[in-house]
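Notes to accompany the following structure.
The values are calculated or read from the model by the stated rules, or taken from the named source; none is laboratory data. Worth saying up front: this structure is predicted, and the values here are computed from it rather than measured. Neighbour counts are summed over all protein chains in view; Cβ atoms, including those assigned to glycine, are modelled from backbone coordinates with ideal geometry. In case anyone asks, the SASA skips ligands and DNA or RNA and just uses the protein heavy atoms, side chains included. Shrake-Rupley method; radii C 1.70, N 1.55, O 1.52, S 1.80 Å.
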Amino acid sequence: MSKFESSIKQIPYPQQSVYDKISNLENLEKVRDRIPADKVQEFSFDKDSVSVNVSPVGEIKLRIINREEPKCIKFETVQSPMPFNLWIQVLPVTETTSKMKVTVDADIPFMLKGMVSGPLKDGIEKIADALAMIPYE
């Protein structure tokens, strides 16, 4: 398994507000317009799962497997060209601010690791950036 982590993102909202928003995937509806149409085609979700068709990777489906209120949401792949787990950690900084990090633990075959690592790291960073821009009120 190979682990990839985003940089730590500062969030100007309390930990509980951030956790409440991202632990229910139905809240993704509020950020649908921020998803780049050239990279992501089909995008659907319910409370516990999300499905995206990412060019050129294909369809990826994730579901929440664990919620540790108010600090962590863990996902696993249901469908993906490469199995992986993803988790979002949210920690308090002050009573009104928090910080977030996105981590992926992927089972990348050795022969593909060099080719996949860069785009995967970039994708994780973009996910973290998008999560940092959400209004959590």
Completion exercise
Rounded to the nearest 10 Å², the accessible area of residue 19 using a 1.4 Å probe with every protein chain kept is 10
Practice task
For the range 3-32 and the range 70-137, write down the distance between their C-alpha centroids in whole Å.
Solution key: 10
Handout entry: Candidate residues 59, 29: accessible-area rank, largest first, probe 1.4 Å
Key = 29, 59
Exercise for the section: Mind checking which of 119, 79, 56 is farthest towards the positive end of the range 1-124's charge dipole, using Cβ charges of +1 (Lys, Arg) and -1 (Asp, Glu) about the Cα centre? Expected result: 119
Fill in the blank from the handout: Reported to the nearest 10 Å², residue 96 has, with a 1.4 Å probe, an accessible area equal to 90
Completion exercise
Rounded to the nearest 10, the angle in degrees between the Cα long axis of helix 110-132 and the longest principal axis of the Cα atoms of the chain comes to 20
